[in-house]
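Everything below concerns the one structure shown next.
The values are calculated or read from the model by the stated rules, or taken from the named source; none is laboratory data. As the structure is a computational prediction, the values presented were derived from the model and not from experiment. Positions of Cβ are backbone-derived with ideal geometry, glycine not excepted, and every protein chain shown enters the neighbour counts. Ligands, DNA and RNA are excluded from the accessible area calculation, which covers all protein heavy atoms including side chains. Shrake-Rupley method; radii C 1.70, N 1.55, O 1.52, S 1.80 Å.
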Amino acid sequence: MIPPLSVYVHIPFCLSKCPYCDFYSVRRDASGVDPSEYFRWLRREIELLSRQIANLEGRTVASLYFGGGTPSLFAPAMYGPLIERLRDVFLFHPHLEWTLEINPGTLSGKEGTGNDLPLSSSAHPPAVAPPDFDRLELFLEMGINRLSVGVQSFSDRTLERLGRAHRMAETERLVERINALAAGAAPGNLTWSMDLIFGAPGQTLADWQNDLQQAVVRRPHHLSVYGMTLHRGTPFARLLRGGRLELPDEETQRAMFLEARHILIAAGYEHYEISNYALPGFRSRHNERYWTGGEYLGLGASAHSFVSGVRWANPPNLLRYGKALQSGRLPRRFERPPRGRAQLGEQVMLALRRLEGIDLEAFYTRTGCNLTRVYRTEIARLSEAGLLETADGRLRLTEEGLLVADAVMLEFF
Ligand code: SF4
């Protein structure tokens, strides 16, 4: 039997560009592409994929994720034809997990047919807009049953320093509304996740503790907690290099990571992946697919896919993405069947992200690779350093290993 698939749809438009952001996204008013045109390209991509990839048509989709960028920037009506096309090609699982990422600053303005939010001409708009949740409820009527809310912080000062286009007041109203809707829905029919960032400029450990406490009070089913990472080419990275940006020091960032573990676990959340926590039974099924080596199809500019043993990525460029589709070609930045040590390293890296680690026997059955033999030296060295442990037939990161996970994972490449 062909296992179900996960589908990711990338909507690369944002109100403004956050100065630390490394995701492929562009300011909607500066993209040079009409978003309606982009939605047409997405439909074209689905059509071409279903013709060119054997057995794709008719496959069951177990999770669908609209991410970005800022997918909540657009009215639900804009998604209608795209969803129809997805339903034409795929079979939606009766228990489909269907996630929409929401930026609290975008659920305002009246419901319309498309680009109905006021355009921002500033990189840091002072955004406290009147609440209007028609948009949210229409998304839920469409079938979305999981909301991922980009809260980032409960402090306006931190939000401002992060260059975010929303403020605490908007988060408050949105979260209150989501909780009311979730309480009225049949159990499990609406769940939500909250994104938080630690290590922001000027953020103290006390600020972070406050963010965590505020988060816990609002009881999201799931929390994604990210440490700030500065990627080359972002405005924050340039400021840091020029000595014009100060981030919490390494010791404070370690303390922040551990504080998240402490407060969230005490509040009943399970720490199940380096950056993710969930109430029992509410892990992200979509993301679990990435970490467990399952198949996923990514649609849109910059999206990645792994189907039938082949990995590919679309170009992180709207015009290149659209041009290929307009000329009847699938847009590709690369396409390759994964091979050798890099492929193995990638699988280990993803699997080690989960706190339960790698079931060595199951890994062997799935891949034919005896990890403890192939990586004998690396595992011994990392275990001796207290960063990895093997117990109950599983290889996993220790708490110390979680703090330096990226460096540990590099050892497997
Ligand atoms: S809203 Fe999200 S995707 Fe858009 S620029 Fe900010 S961090 Fe990046």
- Message: Would you confirm whether or not segment 178-193 contains a residue that is under 18 Å from the mean Cα position of the chain (by Cα), within 15 Å of the ligand (Cβ to nearest atom) and open to solvent by less than 10 Å² (accessible area, probe 1.4 Å)?
- Response: yes
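Could you tell me which of the residues ARG329, ARG341, ARG320, ARG381 is farther than 23 Å from GLU288 by Cβ and either assigned to a loop (DSSP other than H, G, I, E, B) or β-branched (Val, Ile, Thr) (or both)?
Working: ARG341 fails: either assigned to a loop (DSSP other than H, G, I, E, B) or β-branched (Val, Ile, Thr) (or both); ARG320 fails: either assigned to a loop (DSSP other than H, G, I, E, B) or β-branched (Val, Ile, Thr) (or both); ARG381 fails: either assigned to a loop (DSSP other than H, G, I, E, B) or β-branched (Val, Ile, Thr) (or both).
It is ARG329.
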- Task: Tell me, yes or no, whether segment 16-32 has at least one residue that is away from the ligand (no atom under 16 Å from the Cβ) and assigned by TED's automatic domain parsing to the domain that holds HIS231.
- Result: yes
- Residue ranges of strands (runs of 3 or more DSSP E) in segment 262-314 with at least 3 members over 30 Å from LEU205 (Cα atoms): 296-299, 304-307, 310-313
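Please pick out the residue among ARG244, ARG238, ARG232 that is in a helix (DSSP H, G or I), surrounded by fewer than 22 Cβ atoms within 10 Å (Cβ to Cβ) and not β-branched (Val, Ile, Thr).
Details: ARG244 fails: in a helix (DSSP H, G or I); ARG232 fails: in a helix (DSSP H, G or I).
That would be ARG238, the only listed residue that is in a helix (DSSP H, G or I), surrounded by fewer than 22 Cβ atoms within 10 Å (Cβ to Cβ) and not β-branched (Val, Ile, Thr).
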- Query: Is one or more of the residues making up segment 294-311 in contact with an Asp or Glu (Cβ under 9 Å, 6 or more places away or on another chain), charged (D, E, K, R) and over 27 Å from PHE13 (Cα atoms)?
  - Reply: no
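Go through LEU82, LEU107, LEU91 for me and flag whichever is in contact with a Leu (Cβ under 6 Å, 6 or more places away or on another chain) and more than 16 Å from the ligand (Cβ to nearest atom).
Answer to the check: LEU82.
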- Leading residue by the ranking (nearest to GLN326 (Cα to Cα)) among those in segment 22-52 that are open to solvent by less than 30 Å² (accessible area, probe 1.4 Å) and part of a loop (DSSP other than H, G, I, E, B): VAL33
- Reported set for segment 76-85 where residues are surrounded by 20 or more Cβ atoms within 10 Å (Cβ to Cβ) and in contact (Cβ under 8 Å) with a residue 60 or more places away in the chain is PRO76, TYR79
- Scope segment 57-75; condition open to solvent by 10 Å² or more (accessible area, probe 1.4 Å) and away from the ligand (no atom under 16 Å from the Cβ); matching residues: GLU57, GLY58, ARG59, THR60, ALA62
- Message: It is to be established whether one or more residues within segment 172-191 are of a type in the set (S, T, N, Q) and more than 24 Å from GLU270 (Cα to Cα).
- Response: no
- Find all pairs meeting these conditions: Cβ atoms under 6 angstrom apart; at least six residues apart or on different chains; first residue within segment 160-176 and under 24 Å from THR191 (Cα atoms); second residue at pLDDT 95 or above and more than 13 Å from the ligand (Cβ to nearest atom). ARG167/ASP156; MET168/PHE154; MET168/ASP156; VAL175/ARG218
- Query: Are there any pairs with C-beta distances below 6 angstrom linking a residue in segment 307-326 that is in contact (Cβ under 8 Å) with a residue 24 or more places away in the chain to a residue that is assigned to a loop (DSSP other than H, G, I, E, B) and open to solvent by 40 Å² or more (accessible area, probe 1.4 Å), with the two at least 6 apart or on different chains, and if so which?
  - Reply: GLY309/PRO337; VAL310/PRO337; TRP312/ARG332; PRO316/TYR24
